[in-house]
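Visitor: Input: one structure, supplied below.
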There are 2 protein chains.
Amino acid sequence: MDLRQLGEFGLINRIRNWMASSPSGLIQGIGDDVAVVEMGSTTLLATTDILIEDIHFERSWIDPYRLGKKALAVNISDIAAMGGVPRYYLISIGLPRNLPVSFLSAFYRGLKTVGKEFGVNLIGGDTSLSKKIVINVCLLGEGKRGAILFRSGARAGDDLFVSGTLGDAALGLRILQKKGRAGAPKGLMEKHLSPTPRIALGQAIARRQLGTAMIDISDGLLIDTTHLPEASKVGARIWEDRLPLSRLYRKWVNPYSKDPYQIALCGGEDYELLFTAPPEMREGISTLARSLRVQINRIGEIRTAREGFCIVRDGKEYPPVCLGFDHFR
Amino acid sequence: MDLRQLGEFGLINRIRNWMASSPSGLIQGIGDDVAVVEMGSTTLLATTDILIEDIHFERSWIDPYRLGKKALAVNISDIAAMGGVPRYYLISIGLPRNLPVSFLSAFYRGLKTVGKEFGVNLIGGDTSLSKKIVINVCLLGEGKRGAILFRSGARAGDDLFVSGTLGDAALGLRILQKKGRAGAPKGLMEKHLSPTPRIALGQAIARRQLGTAMIDISDGLLIDTTHLPEASKVGARIWEDRLPLSRLYRKWVNPYSKDPYQIALCGGEDYELLFTAPPEMREGISTLARSLRVQINRIGEIRTAREGFCIVRDGKEYPPVCLGFDHFR
């Protein structure tokens, strides 16, 4: 058997079985976006993301400054989804010999820009030769116990909320992948190239205890939504007509997908927050959305595991068809 | 200018300049093998190493079990060189689609074996598609302030010590790189394939305050020795005839190098500890070597920066010629 047959999530399950251990101090381990361990009086959060040239990005789409910004931002987004405080990061880079130093200075300028914005500092790393550019960021943060949110707290009856709009980044990527980008809307491409992690929102939701479970949307709304019910052992229903779609998305989606919801449901890299909360929190969530000037939409509800996971379209329930991106399939 | 002209250490210096920052809590940052930060009451140690197929290893030389062991061991060695306690790690892997799952189960078994031996647990990671295998380990550990050693504490007049023997791993690699390995000594190849981090020794030196500065030898004795004087702003003298060479090394070095000391001086991946200590610690260091059953040799001395760095051969001083491996040159 090879990885094509096992798939990415099959592999992660295997790794979890192979490596099973519960050392003292471990709160959350393999299989989640962020590891959580107690170290002395500190609740340490740690997350890592690898970006590989021609797999995650192509040099013809993304300039080195935005690549640096994105490499750090996607990790900060994982910490945001717990309501944690990102603090320090290490970066390993594999680089071709003929790479211009100007590429690297722009890349590190991108890292520094995002680092400054979110109070995150580079503390170490490793460099290596590589044919393709490889970037691995390992981000460390802090959380307060009782003021961090996991994937696993959702309960049947909770509302399901999402921040921002959906599908812009995935549609932007498709536009980038097509030649002849002249005239294409910068806004959508920019959502793919320069995601903004929802740190303030994530921290506020966790600190004010408005939510029960939270995750960031990196693989796609549907697949990331399934992670909440899986971890929480519940089901979920998403109302398709409540998905927040941007004006630009609505205007440009047509040539890329006949079904206008498809990309918003299945495309990845939104880096928006998806969270659950009991209905009595609706007022508090609205207030928070206004005070942070972030759009927050109630797009569904959590139900029992037996009721399963479905999409509601035109009043009818459908099983979710696309379940996002699998690297190995 | 590209990376060939700048070189690996030139790049690291640039990165240090581009990213300069001194956040509160930072004790040691960019440019060292291990980052050290204060987080709450914890002194957190963090180190990362990237391994790329056909750059750091070839599948024809190393089996996946040993590759897993080595990926973790080289990071533990960095923590050993501070006298720290390794605790948790994250691993990012890029994998080709057609990789057999049996390769991965052996690889993770290797990780687990070393993890068990040193009390280190996997807590997270990332997986991605990649043409070549890419492995990035980020290892987190703990230190006690006052009981960790840096590169920067060496003083003129200190002795220079090294654990174990030198050059075995580099000679083993050359043997592996040659076809027709049948009959070649397993011991040397094994030193390359399965390095053992000197955790107990590193911790004992730091805890008993026997040393003033310490580093592990990963790039090669000479280049890693220069890191101590650079960080400590001192010079050093190494007596070539005191370099600890194994019986196997002496027996097999001849066809690979006319100068029998060359590979021991310049070859990398020994993962032995190099440390400095004032002469009054000699007795304590001998006692420690006996109690841990580790060979420790006094191979040189620290002198003033003005006196510089030299090798003594046949009573004469020479400047160090080879200064180890630069990825980009």
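Visitor: Looking at the range B:32-47, I want the residues that are farther than 25 Å from residue B:13 by Cβ and have a partner that is in a strand (DSSP E or B) and of a type in the set (Gly, Ala, Ser) with Cβ atoms under 6 Å, at least 6 apart or on another chain. Which pairs are those?
Guide: B:43/B:143
Visitor: Assuming residue A:309 fulfils every condition listed in (1) of a type outside the set (Gly, Ala, Ser); (2) within 17 Å of residue A:198 (Cβ to Cβ); (3) crowded, with 18+ Cβ neighbours inside 10 Å apart from one, which condition is it?
Guide: In the conditions (1) of a type outside the set (Gly, Ala, Ser); (2) within 17 Å of residue A:198 (Cβ to Cβ); (3) crowded, with 18+ Cβ neighbours inside 10 Å, residue A:309 misses (2) alone.
Visitor: Looking at (1) surrounded by fewer than 24 Cβ atoms within 10 Å (Cβ to Cβ); (2) touching a His at 6+ places or on another chain (Cβ under 8 Å), which is the only condition residue A:170 fails?
Guide: So the condition that residue A:170 fails would be (1).
Visitor: Filtering the range B:78-89 down to residues that are farther than 8 Å from residue B:199 by Cβ and among the small types (Gly, Ala, Ser), which residue is surrounded by the most Cβ atoms within 10 Å (Cβ to Cβ)?
Guide: My answer is B:81.
Visitor: Using the structure shown, decide if residue B:127 is touching a His at 6+ places or on another chain (Cβ under 7 Å) and either more than 7 Å from chain A (Cβ to nearest Cβ) or of a type in the set (Val, Ile, Thr) (or both).
Guide: The answer is yes for residue B:127.
Visitor: Next up: Inside the range A:28-73, can you point out the residues that are over 17 Å from residue A:139 (Cα atoms), in a strand (DSSP E or B), more than 7 Å from chain B (Cβ to nearest Cβ) and hydrophobic (A, V, I, L, M, F, W, C)?
Guide: A:57
To keep it simple, each residue is scored yes or no on (1) part of a loop (DSSP other than H, G, I, E, B); (2) surrounded by fewer than 18 Cβ atoms within 10 Å (Cβ to Cβ); (3) at pLDDT 95 or above; (4) hydrophobic (A, V, I, L, M, F, W, C).
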residue	(1), (2), (3), (4)
B:276	no, no, yes, no
B:299	no, no, yes, yes
B:321	yes, yes, no, yes
B:328	yes, no, no, yes
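Visitor: Return the pairs, sorted by first residue and then second, in which the second residue is aliphatic (A, V, I, L, M) and assigned to a loop (DSSP other than H, G, I, E, B), the first residue lies in the range A:88-99 and is within 7 Å of chain B (Cβ to nearest Cβ), the beta carbons are less than 8 Å apart, and the residues are 6+ apart or on different chains.
Guide: A:88/A:120; A:94/A:133; A:94/B:55; A:95/A:133; A:99/A:133
Visitor: Okay, next question. From the list B:176, B:188, exactly one residue is crowded, with 20+ Cβ neighbours inside 10 Å and more than 14 Å from the chain's Cα centre (by Cα). Which is it?
Guide: Of the residues listed, the single one that is crowded, with 20+ Cβ neighbours inside 10 Å and more than 14 Å from the chain's Cα centre (by Cα) is B:188.
Visitor: Turning to a different aspect of this structure: Sort out which residues of the range B:216-269 are farther than 14 Å from residue B:172 by Cα, of a type in the set (A, V, I, L, M, F, W, C) and buried (at least 17 other Cβ atoms within 10 Å of the Cβ), and write them in order of number.
Guide: B:217, B:221, B:222, B:223, B:228, B:231, B:234, B:236, B:238, B:243, B:265 - these are the residues of the range B:216-269 that are farther than 14 Å from residue B:172 by Cα, of a type in the set (A, V, I, L, M, F, W, C) and buried (at least 17 other Cβ atoms within 10 Å of the Cβ).
Visitor: Can you find, within the range B:130-153, the residue that is surrounded by the fewest Cβ atoms within 10 Å (Cβ to Cβ) among those that are at pLDDT below 95 and of a type in the set (A, V, I, L, M)?
Guide: Checking each candidate, the answer is B:147.
Residue-wise test of (1) farther than 25 Å from residue A:228 by Cβ; (2) in the same structural domain as residue A:289 (by TED's automatic domain parsing).
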{"site": "A:116", "(1), (2)": "yes, no"}
{"site": "A:121", "(1), (2)": "yes, no"}
{"site": "A:136", "(1), (2)": "yes, no"}
{"site": "A:155", "(1), (2)": "no, yes"}
{"site": "A:178", "(1), (2)": "yes, yes"}
{"site": "A:183", "(1), (2)": "yes, yes"}
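Visitor: Just give me the residues in the range B:1-13 being more than 7 Å from chain A (Cβ to nearest Cβ) and either modelled with pLDDT of 90 or more or part of a helix (DSSP H, G or I) (or both), in sequence order.
Guide: B:5, B:9, B:10, B:13
Visitor: Please work out which one of (1) without any contact (Cβ under 8 Å) to a residue 60 or more places away in the chain; (2) small (Gly, Ala, Ser); (3) in contact with a strand residue (DSSP E or B) (Cβ under 6 Å, 6 or more places away or on another chain) is the condition residue B:308 fails and give its number.
Guide: Against the list (1) without any contact (Cβ under 8 Å) to a residue 60 or more places away in the chain; (2) small (Gly, Ala, Ser); (3) in contact with a strand residue (DSSP E or B) (Cβ under 6 Å, 6 or more places away or on another chain), residue B:308 comes up short only on (1).
Visitor: Taking the criterion of being modelled with pLDDT under 95, touching a strand residue (DSSP E or B) at 6+ places or on another chain (Cβ under 7 Å) and more than 27 Å from residue B:202 (Cα to Cα), would at least one residue in the range B:41-50 satisfy it?
Guide: There is no residue in the range B:41-50 that is modelled with pLDDT under 95, touching a strand residue (DSSP E or B) at 6+ places or on another chain (Cβ under 7 Å) and more than 27 Å from residue B:202 (Cα to Cα).
Visitor: Follow-up question, since we're still on this one. Considering (1) crowded, with 18+ Cβ neighbours inside 10 Å; (2) within 8 Å of another protein chain (Cβ to nearest Cβ); (3) in a helix (DSSP H, G or I); (4) touching a Lys or Arg at 6+ places or on another chain (Cβ under 8 Å), say which one residue B:114 fails and leave the rest.
Guide: (2)
Visitor: I've got another one for you. Can you name the number of the only condition in (1) within 24 Å of the chain's Cα centre (by Cα); (2) at the interface with chain B (Cβ under 8 Å from one of its Cβ atoms); (3) surrounded by fewer than 23 Cβ atoms within 10 Å (Cβ to Cβ); (4) modelled with pLDDT of 90 or more that residue A:18 fails?
Guide: (1)
Visitor: Looking at (1) among the charged types (D, E, K, R); (2) more than 26 Å from residue B:87 (Cα to Cα); (3) surrounded by 21 or more Cβ atoms within 10 Å (Cβ to Cβ), which is the one condition that is false for residue A:58?
Guide: Every listed condition holds for residue A:58 apart from (3).
Visitor: Then there's this: Kindly indicate the residue of the range B:246-258 that is of a type outside the set (Lys, Arg) and part of a helix (DSSP H, G or I) and also nearest to residue B:319 (Cα to Cα) among those meeting that condition.
Guide: Applying the first criterion (of a type outside the set (Lys, Arg)) to the range B:246-258 yields B:246, B:248-249, B:252-257.
If we keep only those that are part of a helix (DSSP H, G or I) as well, we get B:248-249, B:252.
Numbers: B:248: 28, B:249: 24, B:252: 26 Å.
Here the residue is B:249.
Visitor: Let me ask you something else. Select from the range B:137-186 the residues that are touching a Leu at 6+ places or on another chain (Cβ under 7 Å) and within 14 Å of chain A (Cβ to nearest Cβ) and write down the one among them that is nearest to residue B:60 (Cα to Cα).
Guide: It comes out as B:137.
Visitor: Would you mention how many residues in the range B:1-18 are charged (D, E, K, R) and either at positive phi or touching a Cys at 6+ places or on another chain (Cβ under 8 Å) (or both)?
Guide: Total meeting the criteria: 0.
The values are calculated or read from the model by the stated rules, or taken from the named source; none is laboratory data. Just so it is clear, the model here is predicted, and its values are computed rather than measured. Note that we place each Cβ from the backbone using ideal geometry, even for glycine, and neighbour counts take in every protein chain shown.
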